[in-house]
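Accompanying notes for the structure given below.
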Amino acid sequence: MFADITGYTGMMQEDETMALQLLQKLRRKLEVEVNRHQGRILEFRGDGALCRFSSTLEGVKAALAVQLEMMKDPVVPLRIGIHTGDVIIDGESIYGDGVNIASRLESLAVPGSIFISGKVHDDIKNRKDIQTVSLGLYILKNVKEQVEIYAISNAGIKIPDKSDLEGKGEKVQLKSILVLPFVNMSHESDQDYFSDGLTEELISNLSRLKEVRVISRTTSMKYKGTKKDIKTIGIETGASYVMEGSVRQHGNNLRITAQFVDAIRDMHLWADSYSGTLDEVFDIQVKVSSNIVEALRLQLTGSEKDTLQKKYTGNTDAYQLYLQGRHFWNTRSEDGLKTALRFFERAIEKDPEYALAWAGLADTYNLLGDFTNLSRRELYPKAKEAVNKALKLDHYLAEAHISLAAIIMLHEWDWENAGREYNIGIELNPNYATGHHWYAEWLLYHGRIEESLAEMALAVELDPVSQAIIKDQGIVFYYTRNYDKGIAMAITTLELNPHSSFAHRLFSLCYLGKGMYDEAIKENQLWAEIMNNDAKSNVALAQIYATAGRKEDALTLIHKIEESFPLTGNDYRGMALIYAALRDNDKAFEWLEKSWSLHEESLCSIKVDPKMDPIRSDPRFNDFVKKIGLIS
């Protein structure tokens, strides 16, 4: 462990007495904590120290204790770097792999932060009391291999912004691949599901490789039928490489052409064609994926090789039904989801051991609650049964772990197991944008704001045109009271979908946060017109009135709601927010109890929602949050 005071020489020149006091504060705390955690101070180096520990965990615990103390007045601007490796002591000289990398990490760190290497992270990643966030792969001076750097993100520890690290080290940019939608060259336009499905399967397979970043299906499908050239598409998406091709299907016969292009240099790396039958489509997918790996000169692990060659079903009828299910699932509409349900069910009838089809079924039940009037309570057991079946058949299916995490987070409030499932899913498929998206929400609900923002930023990077992800990034900004950035995300969401009701809701929330009540009311009305749910829009309007000090208008609307509109999911929490804004705490908690009894999923955000501020100081508030499990 290297610990070093930033800018100590300048401090000495400005105020020598204060500088010496800060140094003594650091040395005293280091001696106490290093001894407490079975370590040894190898040497003091002027304004810093080099320490060694026999346990990775004890070293990190010592670093946490030291850094948290240094953040207290008088603040010591301390940087800490930790790595596990050999330490060689030869007389007065101390050197070795552990020393060199720890030193490099410390120099990259910012005051108040603790940087650890990937090796350290592997040793402590299952600890509940230590949180981390990845900063990416870096090339360090005089270090042969690339090092993944993590920042400790426990409360009180500084997590640097990307701008803080600019110019400090050479960050490794992962090779990024965009698989363009394969063109359907068949005479029948209804065969689009097959060409789109082949695109999605290639994206899914390549996404499981850790050395590449694969841009999501949502972004890929934006370019369906595009006339843009490869170089332009590469610039727009940030893709280093672009895959394009076509599919011609006639009866049971297939002909697939594919070419792989370096988008930066606008140079073809390879092109090939594959002929065969539908029964051979899986082998063709493996050949295409293998050609990409070879072109990029990737070194695959054994599990990654197995993933590329894996066949989820040997039944081509089931496979085609699954592709049709995903085709309709991606429409994100009530009719589309209900149609997807039928195709997934038929795929399972053809092959009951088809894990992907079971995962598709679970995903569909998960979304039906958002796009239909079906009760989430009714859908929950069906989603849980389907995802459990998928995992029983294939425990290494990343999408199933993410689905399970979302189910037990929103329906069971089982925060610990949901967090574990998110981490498993992301480890299995680090390019799965939805995994990072939903995990960001889990982090947000726990108040781990910086980590949530980092995960959501990664989700946006992986799927830059997903209106669902862009909108929810705006929601995170709203919950963190960064209303202007939330408004910017609402604008982007509307650009992606001019008919998005979610964008108007985000606008309304952010204007409310800024105290721009007329604008909030206008956006609430636009949300209401698209959503067509009088209860929800009137509950939200009453809350705006109450916050704006229009008490009589709020009370009149409450009376109208209670008489005329049946309340549905999350409306009970909404009623609590109205009374909170009216400063009627008793009524607010009465409605919160009703919301809790109905297990409304919107309660998950109670810890960070600005609309809860009026009752946050009430002693009942923390007790209520504990009931949800968000305070241990």
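Listed by chain and number, the lysines placed with their C-alpha closer than 26 angstrom to that of Lys25 are Lys61, Lys72, Lys158; residues fewer than eight positions away on the same chain are left out. Okay, which of region 60-91 sit inside 16 Å, backbone N to the point 7 Å along the Cα-Cβ direction of Asp15? Once the point is set 7 Å along Cα→Cβ of Asp15, 71-78 turn out to lie under 16 Å by backbone N, inside region 60-91. The residue list Gly569, Met71, Ser501 was ranked by how far each Cα lies along the charge dipole of the chain toward its positive end, using unit charges on Cβ atoms, and Met71 comes out on top.
A Förster radius of 22 Å, combined with the Cβ-Cβ distance separating Ala535 from Asp586, puts the computed FRET efficiency at roughly 0.45.
Tell me, in nm to one decimal, what length is gained between Thr556 and Asn497 on full extension, where the rule is 0.36 nm per residue of separation less the Cα-Cα distance?
On the way: separation 59, 0.36 × 59 = 21.24 nm, distance 3.46 nm.
This chain segment gains 17.8 nm when fully extended.
Within the shell defined by Cβ-Cβ distances under 10 Å, the residues around Ala468 carry a net charge of -1, with Lys and Arg each +1 and Asp and Glu each -1. Legend: residue pairs Lys128/Lys392; Lys551/Lys611; Lys560/Lys626; Lys522/Lys587; Lys560/Lys594, Cα-Cα distance threshold 23 Å; pairs beyond threshold, Lys128/Lys392; Lys560/Lys626; Lys522/Lys587. About its Cα centre, the chain has a charge dipole of approximately 420 debye under the convention of +1 per Lys or Arg Cβ and -1 per Asp or Glu Cβ, with nothing else charged. Remark: the chain is approximated by an ellipsoid whose semi-axes, taken from the C-alpha gyration tensor as √(5λ), come to 43, 38, 21 Å, largest first. A simple charge model with +1 on the Cβ of Lys and Arg, -1 on the Cβ of Asp and Glu and nothing else charged puts the dipole of region 443-491 at about 200 debye relative to its Cα centre.
Between Leu254 and Gly276, Thr277, Leu278, the built amide H atoms are under 5 Å apart, and every one of these is 5 or more places off in sequence or on another chain. Among the listed pairs Lys287/Lys311; Lys607/Lys627; Lys305/Lys350, which are separated by more than 18 Å between their Cα atoms? The answer is Lys305/Lys350.
Solvent-accessible area of the chain (1.4 angstrom probe, protein heavy atoms only): carbon and sulfur portion equals 48 percent. For region 1-131, a crude dipole built from +1 on the beta carbon of Lys and Arg and -1 on the beta carbon of Asp and Glu, taken about the Cα centre, is about 500 debye to the nearest 20.
Using 0.36 nm per residue, how much length does the chain from Arg28 to Arg127 gain when fully extended, once their Cα-Cα distance is taken away?
32.9 nm
3J(HN,Hα) along region 544-557, derived from phi through the Karplus expression 6.51 cos²θ - 1.76 cosθ + 1.60 where θ = phi - 60°, amounts to 5, 4, 4, 5, 6, x, 8, 4, 5, 4, 5, 5, 4, 5 Hz, with x in place of Gly and Pro. Taking θ as phi - 60° and the Karplus parameters 6.51, -1.76 and 1.60, the scalar couplings of region 447-458 work out to x, 8, 5, 4, 5, 4, 4, 5, 5, 5, 4, 5 Hz in sequence order, x denoting glycine and proline.
Close amide H contacts of Arg45 (hydrogens built in the peptide plane, cut-off under 5 Å, sequence separation of 5 or more or a different chain): Leu50. A Förster radius of 35 Å, combined with the Cβ-Cβ distance separating Ser303 from Glu563, puts the computed FRET efficiency at roughly 0.05. Per-residue Karplus couplings for region 34-43, computed as 6.51 cos²θ - 1.76 cosθ + 1.60 with θ equal to phi - 60°, are listed in order as 5, 5, 5, 9, 6, x, 8, 7, 6, 6 Hz, Gly and Pro entered as x.
Between Asp335 and Asn253, the simple spin-label model (points 7 angstrom out along Cα→Cβ) gives 3.6 nm.
Counted by Cβ distance under 11 Å from Asp47, the other residues give a net charge of +2, where Lys and Arg count +1 and Asp and Glu count -1. Across the options Ile5, Leu444, Pro181, the greatest Cα extent toward the positive end of the charge dipole of the chain (unit charges at beta carbon of Lys, Arg, Asp, Glu) belongs to Ile5. Annotation: amide H of Ser113 within the under-5 Å range of Ile80, Lys158, sequence separation 5 or more or interchain, hydrogens built in the peptide plane. Note that the chain presents 45 Å² accessible area per residue, ligands and nucleic acids not counted, probe 1.4 Å.
The values are calculated or read from the model by the stated rules, or taken from the named source; none is laboratory data. Just so we're clear, the structure is a prediction, and the values are computed from it rather than from any experiment. For neighbour counting, all protein chains shown are included, and Cβ atoms are generated from backbone atoms with ideal geometry for every residue, glycine included. Surface areas here come from the heavy atoms of the whole protein model, side chains and all, with no ligands, DNA or RNA. Shrake-Rupley method; radii C 1.70, N 1.55, O 1.52, S 1.80 Å.
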